[in-house]
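Here is the structure we will look at, set down as structure tokens.
Read the figures in this text as sums done on the coordinates, not as results from a lab. It should be emphasised that the depicted structure is a prediction, and the values quoted were computed from it without experimental measurement. With ideal geometry, Cβ positions are generated from the backbone for all residues, glycine too; neighbour counts draw on all protein chains shown.
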Amino acid sequence: MNPLDGVKNYQVFYGHPTDAILKDMQNYDLVIIEPLHYTKAQIDLIQSRGTKVLGYISVMEVATWNTGLMSKLQAGDFFTRNGQRVHYPEWDSYLTNIASTHFQGLLLTEIQNQVIAKGIDGVFMDTVGDIDNEHLNNPTVLKQQRDGLVNFLKQARAKYGDIAMVQNWGFDTLETSTAPYVDGIMWESFNADTIKSDAWSQNMIKKLQAVDTKHSVKTLTISTRQSAESHKLAKDAGFIHFHEADEYVNWNAGLVTRTATIAPAPSTPTSTATSTESTVKPAETAPKTETTKPAETVAKTETAKPAETVTTTETAKPAETVTTTETVKPAETVTKTETVKPAETVTKTETVAKPTKTPVKATTPAQTTSSSAPKVADEKKVTSKKDEKKKKHVKKKAVKAKKHAHVTKQDAPKGKMCGKAKQQTAAFFKFFKL
């Protein structure tokens with residue numbers, strides 16, 4: 001069973017949590033965080049109502065500021081080309097050699113210290129797309145790196161059991177190598193205006209659907225513009241969507257409200273809690289109300305065509321009653337009513353009003369800092385491979401700068417793509433010294 005089954009909404013947030021943010025996180029099926037910023041008690045609080053948590057790690061790059069990890073790297077842990085390490089100036093990071101068994105061991109230690117020890121449900125593996133970006137033109141090296149990644153995933157499964165594992169980008173690598181070992185893949189820049197008109201994107205949607213059918217790998221999409229249209233496109237494809245206009249640095253509060261508590265299953269290092277597989281048990285009655293702001297994507301994805309009625313029938317056990325209310329911001333209302341009685345049928349009716357206009361939310365210009373942010377593109381095709389690579393680096397740099405606009409004197413940058421901020425205390429480097 002895929003630990004992402006039943007996940008209908010999620011949010012990515014790499015900043016520092018506040019009490020209000022921790023409380024709001026409980027409304028989501030899934031959140032992706034920077035684990036260095038959280039204690040085990042805070043993770044327990046997030047999970048207390050059924051929310052699943054994924055912790056960020058970077059598997060194909062290491063940043064120079066991360067002196068603790070850099071000091072543990074051996075020469076063979078860096079990927080070299082023509083005898084030189086591959087350096088990304090915009091991130092001040094180096095491409096790593098995932099085929100190195102020593103480096104694989106360092107990553108497994110990071111998972112143990114920052115994910116398993118804190119009771120986090122799984123890992124979000126960033127920079128996997130570097131394999132396709134950097135090595136597609138060298139089949140021998142490409143195979144070595146993909147084999148190395150698969151070996152790392154197999155070890156993680158052997159050590160930590162059924163933890164959730166989601167990779168960022170690396171579509172070709174997923175299809176050829178990693179699909180049997182991961183539970184999900186993230187597709188950033190899933191913007192309707194591009195996806196609808198791009199043949200590569202349309203073909204990739206079909207490939208990811210096929211991978212899901214064969215291996216049960218869920219696709220998580222993120223848009224930065226055309227929220228409503230992108231949301232619908234993702235839903236029609238069977239993907240789980242989130243609209244992000246702040247590049248993960250600010251928590252988008254109030255998008256979802258959940259009043260029904262779903263008790264999470266116990267979390268252990270060898271298994272992943274599956275408590276949020278569905279938001280309502282088969283025998284429960286769950287009226288839901290959702291409101292969607294035109295410029296935002298409802299993370300709790302339940303939309304339909306105007307005046308469309310969907311009726312399903314199912315048989316349920318003696319009834320329980322759960323009330324779930326989700327409020328995003330005024331503009332669209334979704335009402336779902338479920339009535340369950342012993343040995344009777346359940347009739348579910350959904351009526352959805354389509355937004356009256358197409359919102360477009362622009363991302364504000366990035367401010368320049370020294371921190372890092374999530375990488376946005378590995379094999380994305382726009383007009384040409386050369387133009388896309390240039391566009392990708394420009395966007396990554398802007399994202400990185402904005403993510404850390406709030407990290408000033410008390411915080412130093414953490415990693416490449418996640419808006420990470422290094423804590424001042426010595427505890428931050430604790431896991432690197434183990």
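Worth a mention:
- Our coupling estimate for the stretch 84-93, obtained by passing each phi through the Karplus curve with A = 6.51, B = -1.76, C = 1.60 and θ = phi - 60°, is 10, 5, 8, 10, 9, x, 5, 10, 6, 10 Hz, Gly and Pro reported as x.
- Per-residue ³J(HN,Hα) for the stretch 11-23, Karplus 6.51 cos²θ - 1.76 cosθ + 1.60, θ = phi - 60°, Hz, x for Gly and Pro: 9, 9, 8, 10, x, 7, x, 10, 4, 5, 5, 4, 5
- Surrounding net charge for VAL59, when Lys and Arg each add one and Asp and Glu each subtract one, Cβ distance under 9 Å: -3
- Given LYS52/LYS143; LYS206/LYS232; LYS72/LYS214, the pairs whose alpha carbons are separated by over 27 Å: LYS52/LYS143; LYS72/LYS214
- Taking Cβ atoms as reference points and 12 Å as the exclusive limit, the residues near GLY238 contribute a net charge of +2, counting Lys and Arg as +1 and Asp and Glu as -1.
- Counting other Cβ atoms within 10 Å as a rough exposure proxy, the listed residues SER216, SER227, SER93 run SER216, SER93, SER227 from fewest neighbours to most.
- Amide H to amide H distances under 5 Å link VAL217 with ASP212, where only residues 5 or more positions off or on other chains count and H is placed in the peptide plane.
- Ranked packing of 244-250, 175-181, 52-58, most packed first, by mean Cβ within 10 Å: 52-58, 244-250, 175-181
- By the beta-carbon count within 10 Å of each Cβ, the least crowded to most crowded order of TRP169, TRP65, TRP187, fewest first, is TRP65, TRP187, TRP169.
- For the stretch 77-212, the orientation-averaged shadow of the C-alpha convex hull comes to 9.6 nm² (one quarter of the hull surface).
- Residues ARG81, ARG225, ARG157, ranked from the fewest to the most other C-beta atoms within 10 Å, line up as ARG81, ARG157, ARG225.
- Where a label projected 7 Å from the Cα of SER216 along Cα→Cβ would reach, residues of the stretch 1-17 with amide N under 11 Å: 1-6
- Cα-based shape type of the stretch 140-185, given that a ≥ b ≥ c are square roots of the gyration tensor eigenvalues and the cut on a/c is 1.5: oblate
- Scaled to the globular estimate 2.2 N^0.38 Å, the Cα spread of the stretch 1-104, given as radius of gyration, is 1.37.
- The stretch between ARG157 and ASN137, if pulled fully straight at 0.36 nm per residue, gains 4.2 nm over its current Cα-Cα span.
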